[in-house]
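Take a look at the structure set out below.
What follows draws every value from the coordinates through simple rules; no lab data is involved. All of these numbers come straight from a predicted model, not from anything done at the bench. Ideal geometry is used to build each Cβ from the backbone, glycine not excepted, and the neighbour counts take in all protein chains shown.
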Amino acid sequence: VATPAHLSQLVMRLRLVLLSRDEQLTQRRADAGEPLELDGAEAVGTLRRAAAEALALEEADVRLVDYFQERRHGALSDMSATLDGARLCDGQHVLVEHMHSGEWPEAEQAEEIDDLFGGAGAGWGAIETAAGSSSPAGSAAAAEEGGPLDGSGGVPEHSGKVGLSNLGNTCFMASMLQSLAAVAPLREYFTSGAYERELNAENRDGTQGQLARSYAALMRQMWFGPSSVVSPREFKLVLGRHAPQFLGYSQHDSHELCNFVVDALHEDVNRVRKKPYVENFEASGEPDGTIAKQVLQRHRQREDSQVSDLVQGLFKSQVICPVCEKVSITMDPYKSISLPLGAAGMRVVHATLRRADGSMRRLSLSLERSGTIEALLSEAADQVGLPRGRLVACEVFEHKVHKFFTPSHELERLYNGDFIFLYDVGEDVDFCAPSAAGD
């Protein structure tokens, strides 16, 4: 299936690993230098031609295998498929099998390739061909397809205690997925298969059920798969098809991704097949409980799913008219909320002290996060042996004093990149910030 051009990877870098019956050829070119750079919308046939040219081989004597994380995942036999459609990832390896003297490499040669990668291979099973007669061997292949739980058919000991492979700069995605996986009722809804009864493939606001299926498969791998390390590759590819802003392997905001995924999962299992027009509820003095009930009833006429049942709340807003003193109350549904991190604990503030004699000294001050500039000045004075009342603090920006800090200024309002200077004024001062500088 071709991937639309606007949804493809901009640049995909693929490293080649050569396997041939000609052992000298394999050893000489096992990991073939610089990666090939191709657009994700290019065809697999283009990759095969480029690989043959890079390795100085005849194209007819070359076949390709998806070698993601140094494990065989299947033959790349559809030459018309795009690289995105073939589920290749930026930075991964592609195994190039070379036919020598009319014969393809034997299974035993896999050990040589595995040794080159520190024994990371998953074993040498039959690969999937155009006829589709067989599939990769090894635990990675089973995990990729959501295979067996463990040898006894029960839950593996590492259930849920798994790592997610980094596909590039995708730690933002891994942290979000691990957080969602820890929401037990939501996870169990997908791992149990209960979501399948409510899939809404016709919902144009969702992903036609694709993200829900991919998410469910990933959760099953994390909680019931045989491996303690799981690759979210399939989830990442499905995500990129429906959210182009997350294509590629750059860093993104984890909270933004979480909002998209939760909304998409909700729409994929939305019980409402045809959304009606619903007017907003206008409160007129009712108790909060009554307002909330009315708002949710109207909201569920359009948005009703197990996801929203589990991760949804209401924001209450109250506005009072300063003229007539009329009180207006509204409540709006939300699925996530940003909260500031707690102020408990310590932080290190770096500051530069300028003494009265002109000498300077760099200080590292360990302070309570909830403290003030007064605590900073006291700690600095104690470190250098000065009376506490002789120091003033300011922020320097572009070699000029940007502003002075009052003793009550909160340390939470200082940023790590701020240049903090402390001046020894030579005598005790009763600090009063200059009016032009502000607090």
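Candidates 182, 265, 201 compared by Cα position along the dipole of the range 163-268: farthest toward the positive end lies 182, with charges placed on Cβ. With the convex hull constructed from alpha-carbon coordinates only, the range 267-421 shows a mean projected area of 16.4 nm² over all directions. Using the Cβ-Cβ distance between residue 364 and residue 228 with R0 = 35 Å, the FRET efficiency computed as 1/(1 + (r/R0)^6) comes to roughly 0.35. Applying Stokes-Einstein at 10 °C and 1.306 mPa s to the Kirkwood radius of the range 163-268, computed over alpha-carbon pairs, gives a translational diffusion coefficient of 114 µm² s⁻¹. Extension gain, residue 332 to residue 179: 0.36 nm times the residue separation minus the Cα-Cα distance gives 52.6 nm.
Simple point charges give the picture: +1 on the Cβ of Lys and Arg, -1 on the Cβ of Asp and Glu, and for the range 346-424 a dipole about the Cα centre of about 180 debye.
Sorting 398, 410, 379 by the number of Cβ atoms found within 10 Å of their own Cβ, with the fewest placed first, yields 398, 410, 379. Note on residue 302 and residue 315: the model spin-label points, each 7 Å out from Cα along the C-beta direction, lie 1.6 nm apart. Residue 401 to residue 34: FRET efficiency via 1/(1 + (r/R0)^6), r the Cβ-Cβ distance, R0 60 Å, to the nearest 0.05? Computed FRET efficiency for residue 401 and residue 34: 0.70.
Tell me, rounded to the nearest percent, the portion of alpha carbon pairs in the range 194-333 spaced more than 17 Å apart. The answer is 68 percent, as a whole percent.
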